[in-house]
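Report on the following structure.
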Amino acid sequence: MQLHSIFDASPNAYMVLDRELRFVAANEAYLRVTASRLEDLIGRVIFEVFPHDPEDPDNDNARLLRASLERTLRSKRRDHLALIRYRVPRETPNGVVVAERFWSATHTPILDERGEVAYVLQHTSDVTELERLRAAARDATGERQHQLEADVLARASAVQDTNSALEAERRRMQQLFRQAPGFMCVLGGPDHVFELANQAYLELVGARDVIGRPVREALPEVAEQGFIELLDRVRKSGEPFVGRAIPVALERGGHVETRYLDFVYQPVIEADGTTSGLFVQGHDVTEERRARDEVARYRDHLEDLVAERTRALEQSESALRHAQKMEAVGSLTGGVAHDFNNLLQVIAGNLALIAPDVAGDPQATRRLREATSAVERGAKLSSQLLAFARRQELDPEVVELDRLTRDVEPLLRRAVGEQIEIARDVEPGLWRTFVDRNQLDNVLLNLAINARDAMNGAGRLVIAARNVTLDAERAARHPEATAGDHVLLSVSDTGCGMTREVIERAFEPFFTTKGEGRGTGLGLSMVYGFVRQTGGHVAITSEPGRGTTIEVYLPRTHRVADADTEATAAGARGGSETILVLEDDVAVRATVVDLLRDLGYRVIEADSGASAMAILESGAAIDLLFVDVVVPGALRSHEIAARAEAARPELAVLFTSGYSEDAVAHEALLGRRARLLRKPYSRDELARRVREVLDARARSCDAAVSSMRVLIVEDDDDSRELAGEMLSALGHDVQIAASGAQAREALQRARFDVLFTDVGLPDVSGVELARGAMRDDAHMGVVLASGYGESARSADDTELARAVVLEKPYLPAQLESALRAAARPRS
Ligand code: ADP
Ligand code: MG
């Protein structure tokens, strides 16, 4: 603010005289009390302007005034003029009149740089009213005089109060300006020189020393950003400028920082309409702006989150629907397989019973064989359905996937063909799983065959395994998944991929996109059912044209490897029994014969069914028949086995298979305890399985009695009669029961060697019935016949551990061996 503004703002009258007592300046208050115009005063001597007073003949008052001024000039000290009477022009409602007034004045010397008086500042107060009161008081007497004096004092103190109030107000205004939360400054003149700046402004510009300096010089970076031009424009136009959240780069504490400012440039307009300066006032809104930006950021993020949650929810719902659908299809399939198995059992049993009657009739024998092979195909189908329905009898063991995937690789190689590259990618330190090894082989084979089909015979197949821990969130998203440690086995291909629709339905039994006769639609159903039954789950990741990955999650087990595996690790155990090897492939036969001889066995070789039968019928003391599932010639391997077993009940049989489709059918036909050794096998595996089969046979031979008392419990009439007939034909003493209640009655009345019961009875579970019977009679053998493939007993069921499970459909020879395996010697 320029000095004259303050000067003019004061309610007190001021004027400045030079050494010749000519007017140099006068403020507005002075002009007001003297009813003068500035241009009439400036440059003129004071006594010219206010001339001789005719009513003061001696001109005493003018002399007093002159004396005081001269004293001031001379002494260079402030001089007080208590009271003079002086006539000055005065504004009245009737115009300007010259009137007598009383004045009190102070003269203050203003020194130049040499210390000489350059000017005299006069401060004048109009004390006319006070003087009049005093005169009145002088003339009055007594009480009246007292009263007047009191009045004078009161007026004087009132004037003093007003003055100090004004001063307080000025201070307060200054304080407010200084402390105002918004930034403020006043720029004067065309160069925009800082005249005033408050605390907030100084903070904004990094506490730079701006007062008295033009903006261009004080804040050069601001000048560069075009603000000087803006100030010029406001000054020129007289129109204020209002800016909102304007970014301004400011140097603060040694670095440049962008602040966002709301501000106004307000022109300061003088009485004559000219713009003397600019008032700048505003707020730093950087933080608000940042907060707002952040909110907008945050809002977008929130929207993403909500969208993601919604997606996840939809996914979960569709996964749940899918799981429910699979569940429903599963129980339907299980039911169908159950009925189907009972039918097959009746057919197979009757065919077996007819066989001796038509032995001499080649035509009838051929038809019988065809019918039997149709039963086999049916059995294979129903075993796949049971697998899907999660009702196959599993034989889980501790499995290390590193080894399993390595062992199965040659097999997969054969299955997919040379054009497909196979890579194994198995993480070291894999956790163990508790799973049916043979079924898991099946899973890999099914997946590899699907990959081969999808890749049209050429491409890349990756079998990977790694440890994963599924969290609760994942488990929540996948109704089939359980949280916890898993081993993830995955099979990826570079094939055609699947559409969403195909993925949706791929696990359904009989769903296939392959042509008639090329696909059964049962591969993935088996994978699904088996993995679910094992406590894991399966996931498909695929897109058309981008290949497929099937992920199989198997729960981790903390069990240690089975004793078998340990024995294997410790070294293969051999024996001295005699083994008949039936194998048509010369190289394979030579190898296995060498291996077995190496283990200490006596080995006899046969290259066809006919020669094997000839050897068996010759009466040679054979302990074990080791036979390939696929043998050339009229006789099928299992027929050879059945005949051999019938003829020599003490004979053990071990099948081996190159893992053709026949192996699966074979297995279905022989039940879960299929004595089957899959090719390729290691020396240890061969040794282990041979020993296992021989030892089991030795045990059941010990237990064998030529004729047993058997209680058959079966609700299905056909099946019951058939079983009865078969067992009677085998020379056993048979009694039958159609329900659990009947069976209990029978058990109370008589003692049996073996309880042969169906698992699914109408009134009580066959498993419960068996448990009770075994508790009552520790020597009772139990065979659980299962057409439903339901888990007849759990892996940990010690009470039922010695029960034998026989899956329908079964052949007479299988029934017989099951009875023998179940029977316990009574000593
Ligand atoms: P099948 O192989 O007999 O058709 P599956 O149950 O094994 O039956 O598979 C069902 C369907 O899933 C297949 O017909 C095919 O459409 C699809 N599918 C399975 N595996 C793959 C794969 N690796 N790549 C592309 N599609 C596949
Ligand atoms: Mg398939």
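The values are calculated or read from the model by the stated rules, or taken from the named source; none is laboratory data. No experiment lies behind these values; they were computed from the predicted model shown. We place every Cβ from the backbone using ideal geometry, glycine too, and count neighbours over all the protein chains shown. In case anyone asks, the SASA skips ligands and DNA or RNA and just uses the protein heavy atoms, side chains included. Shrake-Rupley method; radii C 1.70, N 1.55, O 1.52, S 1.80 Å.
Return the residues of segment 282-312 that are over 30 Å from Leu202 (Cβ atoms) and touching a residue at least 60 places away in the same chain (Cβ under 8 Å); say none if nothing qualifies. Spell out how you get there, then give the answer.
First, the residues of segment 282-312 that are over 30 Å from Leu202 (Cβ atoms): 295-312.
Of everything in segment 282-312, just one residue is over 30 Å from Leu202 (Cβ atoms) and touching a residue at least 60 places away in the same chain (Cβ under 8 Å), namely Ala312.
Considering each of Arg366, Arg377 in turn, give the residue that is of a type in the set (D, E, K, R) and without any contact (Cβ under 8 Å) to a residue 40 or more places away in the chain. Talk me through it step by step, then tell me what you get.
Working: Arg377 fails: without any contact (Cβ under 8 Å) to a residue 40 or more places away in the chain.
Step by step, each of Arg366, Arg377 is checked, and only Arg366 is of a type in the set (D, E, K, R) and without any contact (Cβ under 8 Å) to a residue 40 or more places away in the chain.
In the list Ala26, Ala82, which residue meets the criterion of being closer than 15 Å to Tyr119 by Cβ and without any contact (Cβ under 8 Å) to a residue 24 or more places away in the chain? Full working, then the answer.
Numbers: Ala82 fails: closer than 15 Å to Tyr119 by Cβ.
The match here is Ala26.
Among the residues making up segment 515-537, those that are more than 12 Å from ligand 1 (Cβ to nearest atom) and under 19 Å from Asp441 (Cβ atoms) are Phe530, Val531, Arg532, Gln533, Thr534, Gly535, Gly536.
Note on segment 487-500: among residues that are within 10 Å of ligand 1 (Cβ to nearest atom) and not in a loop (DSSP other than H, G, I, E, B), the one that is farthest from Gly459 (Cα to Cα) is Val491.
Scanning segment 539-561 for residues that are within 12 Å of ligand 1 (Cβ to nearest atom), within 22 Å of Asp471 (Cα to Cα) and buried (at least 22 other Cβ atoms within 10 Å of the Cβ) gives a single hit, Ile550.
Could you list, in sequence order, all residues of segment 426-465 that are in a helix (DSSP H, G or I) and away from ligand 1 (no atom under 12 Å from the Cβ)? Please lay out each step first, then the result.
Step one: list which residues in segment 426-465 are in a helix (DSSP H, G or I), which gives 437-454.
Residues satisfying the conditions are Arg437, Asn438, Gln439, Leu440, Asp441, Leu444.
All of Asn446, Asn456, Asn442 fail the test of being out of contact with any strand residue (DSSP E or B) (no Cβ under 7 Å at 6 or more places or on another chain), within 16 Å of ligand 2 (Cβ to nearest atom) and more than 30 Å from Gly378 (Cβ to Cβ), apart from Asn456. May I ask you to verify whether Leu595 is in the same structural domain as Leu651 (by TED's automatic domain parsing), modelled with pLDDT of 90 or more and either hydrophobic (A, V, I, L, M, F, W, C) or open to solvent by less than 30 Å² (accessible area, probe 1.4 Å) (or both)? The answer is no for Leu595.
Residue selection: Arg178 satisfies the criterion of being closer than 22 Å to Ser5 by Cβ and out of contact with any strand residue (DSSP E or B) (no Cβ under 6 Å at 6 or more places or on another chain).
Results for (1) in contact with a strand residue (DSSP E or B) (Cβ under 8 Å, 6 or more places away or on another chain); (2) modelled with pLDDT of 90 or more; (3) open to solvent by 90 Å² or more (accessible area, probe 1.4 Å), shown as yes or no for each residue.
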{"residue": "Pro214", "(1), (2), (3)": "yes, yes, no"}
{"residue": "Glu314", "(1), (2), (3)": "no, no, yes"}
{"residue": "Glu317", "(1), (2), (3)": "no, no, yes"}
{"residue": "Leu320", "(1), (2), (3)": "no, no, no"}
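Mind listing just one residue for me: the one in segment 508-525 that is under 23 Å from Thr482 (Cα atoms) and open to solvent by 10 Å² or more (accessible area, probe 1.4 Å) and, of those, farthest from ligand 2 (Cβ to nearest atom)? Step through it out loud before you land on a result.
Step one: list which residues in segment 508-525 are under 23 Å from Thr482 (Cα atoms), which gives 508, 524-525.
Add one more test, that the residue is open to solvent by 10 Å² or more (accessible area, probe 1.4 Å), and what stays is 508, 524.
Numbers: Glu508: 12, Leu524: 6 Å.
Taking the candidates together, the pick is Glu508.
Could you look through segment 109-124, keep only residues that are open to solvent by 30 Å² or more (accessible area, probe 1.4 Å) and part of a strand (DSSP E or B), and pick out the one that is farthest from Ala67 (Cα to Cα)? Outline the logic, then answer.
Restricting attention to segment 109-124, the residues satisfying the condition of being open to solvent by 30 Å² or more (accessible area, probe 1.4 Å) are 110-114, 116, 119, 121, 123.
The next check asks that each one be part of a strand (DSSP E or B); those that pass are 110-111, 119, 121, 123.
On the way: Ile110: 18, Leu111: 19, Tyr119: 16, Leu121: 15, His123: 16 Å.
The residue in question is Leu111.
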